[in-house]
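Q: Starting off with a structure, shown below.
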């Protein structure tokens, strides 16, 4: 990463008369848009930049030098599973045939594309222990919403329209309650025990109180503290006995690859983040993909379109069809077409590259890495919950609180040393949460180097706290004024010109 | 454990690390997982590993061995075959952008934050509205989010109106979100001319409590609708006017802001993003300043750093799920960042003149195709009195599925089927006069073969 800020906006590079494209030039068109009535046309041309091609190439290349990705260095961002994004997957997803395919082509011209889609559904069903999977959702939160719609659709179909309360542990990701609210469900918070796991006694009481209003329960397992919920099967039994369904938030699925499956733990519906567990790049915030799996009996609720396989007569070959019809069972549709197909190709390539023999080691290696970091940092950093963690570990800031150095300061100081920061101030159960997820991609040497730096920062906090409190020092910009940004919002270049 | 290229752990590493954590084996790390839910020996039904060469072989031959073909595309309906610049494809492949996360750590994420700010500026400029968010999943979900925004903005909402001239694939997503969110959607029928039914809107408005109206420009049938008076009618009862627009056409067409819209949404795939079987694209959403704190999704703002440098940061986060949880404006917690970068680089290359030329060429090619189809004597414009941009509907008396299959076998995607009697064709600047000739020839061949058989 370049330590100097590049800083220019593309609008500031613009000069009237420059172009960055080559398009056919129809000198004598039979039709022009001047045929459209004037009031259907815009009054003035849009103020887009006017740049030659090299200017654009340099501009965005320079911008990229002020950015940090997994390929640049260690990215221990908790709950985000920043594993290596294999290069071959990018090559595969750039396939020119598929890039030029329209989603409404006749099915006989896209059998290969549909076969991949179908196979990916089957592979994800096997890995999660679910019966059927939809690949339509575009992101994790989109998957959550879709999964909750499945639950609501199921209750509706049973005539149980009063089931509108969703139980969610207080340690849950913020998307869980937000998705429930968008889905028209009322959130009921379940308390955690001091060890970070679900308070089963409180859950029992809530289930008794709410009775036939319970739609279900959303859980992450391992939970957001990286701890496996030991009473998961009891919890599932209790929720099922109350008539609710169990929803699995797949954000932390990476820990369990090879060890156990949501379906076997008693979950009825789950989402999977292809951009976490299956190594598709996060792209600075998307595109992701958030498939949803359901147990047998719920598959008719899944959104359309669905891709189905049927046996061709007199052969073993499959023919793939698109079921895009509204029917009485489906929850409806949650996107225009099939979902983020290009992302699916990357996950497909990743899964096949691992194969049965390697995919089962993902969870154990990720878990080993997290426990290794946890064990080696608990001298300087406060470990609020002892015992085994899974794929990530959570500290509550420095052990020595007398220095005044906060989790934010530590995060910012890590940037100086060439690391991305861990997730900070989440989960909300601790004031100074620092959540580290190393993933199975990282070597012992990388972890050792990171651990050394974490120790060095702890030492700096003791010796020279001001150095840490004013970090970062070597990044392209210093700490940003968030308050100014929110108080006087400047959200476009045009607003900036006026400000 | 055999060595594997994505696992750096050697046998020595494993032993040393297990020793450090006080476990005898990897299995010990899962001692807290109840026996009954553990997989004893991996997955029963999962494929064996493929090498890179296996993957390449499969994908290199996907067109021949798997009946998967790239057709000459004369279809649209929400997914368009526009020119995708090599520069845009190259920039989005840069690993600094590709392999980064949501830009939480502004000090090492200026690249992402900076291009999102440019993206927001360009979307605001194209739509004519004040502000834009950092992008959304797709055009359909952006439309659904706009409907929720209108509903939540109203004091005593009774319904949100959606014109039946809006793409049915978008409408069914709106209907799905609305159903679960508890929003009543009133679908306004289309007129015989394929436009929004003003009388039906007036009837709905007379009932009161219309929180918003969604229309599309150009509409699903390709028609450039006249929205004169709609904004005033909506605003008279404090409803929000929502236009779903195709941003590629906004180099030429009247902007949502000029029509008086409060919110503009749409699918940005037409801004240089390859079709890729329908995704990923990018949803956009822009609105007036007044609605700023109700806007869902990520937003990037300009600010200063501790050294006094202009820089960019995620802002107005008090709207968002990680702060507000169930009280957030939406559950969306990501955007389609990389696809927003695609659109940004595309627009930076195109500029006002390029975008205009794309529009002119698409318009000219589509109108030429319409003329040629009508001249065959077998097609009739479905809405002959209405202006269209680069997509249009024709009535066809034959079997539309059979015609499309016939053309597909010969390498052409002959529009999409709107209903049993109507096909919708589309042309972009990517289509050549020769391709128009060839498509018309193939269609003529089909009709001749049919007539010969009959």
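No value in this document is a laboratory result; all are computed from the given coordinates. Since the structure is predicted, the reported quantities are computational estimates derived from the model, not experimental observations. Cβ sites come from the backbone with ideal geometry, for glycine too, and all protein chains shown count toward neighbours.
Q: Hey, could you get me the Stokes-Einstein D for the stretch A:101-357, Kirkwood radius over alpha-carbon pairs, 20 °C and 1.002 mPa s, rounded to whole µm² s⁻¹?
A: Working: Rh = 18.7 Å.
Translational diffusion coefficient: 115 µm²/s.
Q: Still on this structure, please answer the following. What percent does the relative contact order of chain A come to when contacts are Cα pairs within less than 8 Å and at least six residues apart? Kindly include the intermediate steps, with their values, before the conclusion.
A: On the way: 875 pairs, mean separation 92.5, N = 499.
Worked out over chain A, it gives 19 percent.
Q: Of A:455, A:173, A:391, B:378, how do they rank once you tally other Cβ atoms within 10 Å and put the fewest first? Let's see the in-between values first.
A: Values: A:455 15, A:173 26, A:391 30, B:378 18.
Going from sparsest to densest Cβ surroundings: A:455, B:378, A:173, A:391.
Q: What order do you get for B:134-147, A:151-164, B:440-453 when each peptide is scored by the mean count of other beta carbon atoms within 10 Å, highest first?
A: Numbers: B:134-147: 31.0, A:151-164: 17.4, B:440-453: 13.8.
Averaged packing, sorted descending, gives the order B:134-147, A:151-164, B:440-453.
Q: How would you rank A:91, A:132, going from fewest to most other Cβ atoms within 10 Å of each one's own Cβ?
A: Values: A:91 16, A:132 20.
Lowest count first: A:91, A:132.
Q: Can you give me the C-alpha center-to-center distance between the stretch A:423-499 and the stretch A:69-142, rounded to a whole angstrom?
A: After rounding, the separation between the Cα centres reads 31 Å.
Q: Can you pull the one-decimal nm distance between simple spin-label points at residue B:192 and residue B:40, each 7 Å off the Cα toward Cβ?
A: Result: 7.3 nm between the two label points.
Q: Within the stretch B:100-137, which residues have the backbone N less than 11 Å from the label spot 7 Å out from residue A:498 along Cα→beta-carbon, could you tell me?
A: Counting backbone N atoms under 11 Å from the label point, the list is B:129-131.
Q: While we're looking at this one, here's another question. Mind ranking B:151-158, A:286-293, A:392-399 by how tightly packed they are, going by the mean number of other C-beta atoms within 10 angstrom, highest first? The partial results should precede the final answer.
A: Values: B:151-158: 14.6, A:286-293: 30.2, A:392-399: 24.5.
Result, highest mean first: A:286-293, A:392-399, B:151-158.
Q: Right, next: Among DSSP bridges having both ends in the protein assembly as shown, what percentage is antiparallel? Round to the nearest 5. Intermediate results must be reported in sequence, preceding the final value.
A: On the way: 53 of 87 bridges.
Beta bridges within the protein assembly as shown, antiparallel portion: roughly 60 percent.
Q: Sorted by mean Cβ packing within 10 Å, highest first, what order do the peptides B:300-307, A:370-377 take?
A: Values: B:300-307: 20.4, A:370-377: 23.5.
Top to bottom by mean Cβ count within 10 Å: A:370-377, B:300-307.
Q: To the nearest 0.05, what FRET efficiency results for residue B:155 and residue A:208 with a Förster distance of 41 Å applied to their C-beta separation? Write out the running numbers ahead of the final one.
A: On the way: r = 38 Å, r/R0 = 0.92.
That pair, residue B:155 with residue A:208, gives E of 0.60.
Q: Along Cα→Cβ, 7 Å out, is where each label goes; now give me the distance between the ones at residue B:409 and residue B:453 in nm to one decimal.
A: 0.8
Q: Work out, step by step, the length gained on full extension between residue A:231 and residue A:448: first 0.36 nm times the residue separation, then minus their alpha carbon distance; give nm to one decimal.
A: Working: separation 217, 0.36 × 217 = 78.12 nm, distance 3.40 nm.
Between residue A:231 and residue A:448, full extension yields an extra 74.7 nm.
Q: Assuming R0 = 41 Å, can you tell me the calculated FRET efficiency for the pair residue B:65 and residue B:444, based on Cβ-Cβ distance, to the nearest 0.05? Don't jump to the answer; show the numbers that get you there.
A: Numbers: r = 32 Å, r/R0 = 0.78.
For residue B:65 and residue B:444, the calculated efficiency is 0.80.
Q: Using 1/(1 + (r/R0)^6) with R0 = 45 angstrom and r between the beta carbons of residue A:379 and residue A:309, what's the FRET efficiency to the nearest 0.05? Mind showing how you got there, number by number?
A: Values: r = 55 Å, r/R0 = 1.23.
For R0 = 45 Å, the calculated efficiency reads 0.20.
Q: Hey, another quick one. In whole angstrom, how far apart do the alpha carbon centroids of the stretch B:421-454 and the stretch A:361-391 sit?
A: Centre-to-centre (Cα) distance: 64 Å.
Q: The stretch A:247-291 to the stretch B:96-120: how many Å between their Cα centroids?
A: Cα centroid to Cα centroid, the span is 24 Å.
Q: Stretch residue B:375-residue B:51 to full length: gain in nm at 0.36 nm per residue minus the Cα-Cα span? Can you show the working numbers first?
A: Working: separation 324, 0.36 × 324 = 116.64 nm, distance 5.38 nm.
Difference between extended and current length: 111.3 nm.
Q: How many percent of the alpha carbon pairs in chain A exceed a separation of 38 Å?
A: Numbers: 46038 of 124251 pairs.
Distances greater than 38 Å cover 37 percent of the Cα pairs.
Q: Across peptide A:87-99, how many C-beta atoms of other chains are within 10 Å of each residue C-beta, on average? Please list the in-between numbers first.
A: On the way: counts 2, 5, 1, 4, 5, 6, 2, 5, 8, 4, 10, 9, 8.
Mean partner-chain Cβ count within 10 Å for A:87-99: 5.
Q: Given a cut-off of under 8 Å on Cα pairs at least six residues apart, what relative contact order in percent is computed for the stretch A:10-64? Before the final figure, lay out each step's value.
A: Numbers: 30 pairs, mean separation 35.5, N = 55.
Rounded, it is 65 percent for the stretch A:10-64.
Q: Give me A:310, B:333 ranked fewest to most by other Cβ atoms within 10 Å of their Cβ, as a rough exposure proxy.
A: Values: A:310 9, B:333 24.
Ordered from fewest to most neighbouring Cβ atoms within 10 Å, A:310, B:333 come out as A:310, B:333.
Q: With both partners inside chain A, how many of the DSSP beta bridges are antiparallel, as a percent to the nearest 5? Intermediate results must be reported in sequence, preceding the final value.
A: On the way: 21 of 36 bridges.
Percentage antiparallel, nearest 5: 60.
Q: Run through the DSSP bridge list for the stretch A:101-357 and note the antiparallel percent, rounded to the nearest 5. Please list the in-between numbers first.
A: Numbers: 13 of 28 bridges.
Rounded to the nearest five, the antiparallel share is 45 percent.
Q: Counting partner chain Cβ atoms within 10 Å of every residue's Cβ in B:51-59, what's the average? Mind dumping the intermediate values first?
A: Working: counts 4, 7, 0, 2, 8, 5, 0, 6, 13.
Across the residues of B:51-59, the mean count of other-chain Cβ atoms within 10 Å is 5.
Q: Ok, one more. Determine the relative contact order of the stretch B:25-176: mean sequence separation of Cα pairs under 8 Å and six or more apart, normalised by residue count, in whole percent. Can you show the working numbers first?
A: Values: 47 pairs, mean separation 19.4, N = 152.
Worked out over the stretch B:25-176, it gives 13 percent.
Q: When the Debye formula is applied to the Cα atoms of the stretch A:28-141, each taken as the same point scatterer, what base-10 log of I(q)/I(0) results at q = 0.09, 0.18 Å⁻¹?
A: Calculated log10 I(q)/I(0) at the listed q: -0.58, -1.18.
Q: Another one. Averaged across the residues of B:357-370, what count of C-beta atoms belonging to other chains lies within 10 Å of each residue's C-beta? Let's see the in-between values first.
A: Working: counts 6, 2, 2, 8, 5, 1, 7, 8, 5, 1, 6, 4, 0, 1.
Per residue, the number of nearby Cβ atoms from other chains is 4 on average.
Q: Now a separate question. Modelling each spin label as a point 7 Å along the Cα-to-Cβ direction, I'd like the residue A:28/residue A:486 distance in nm, to one decimal.
A: 6.4
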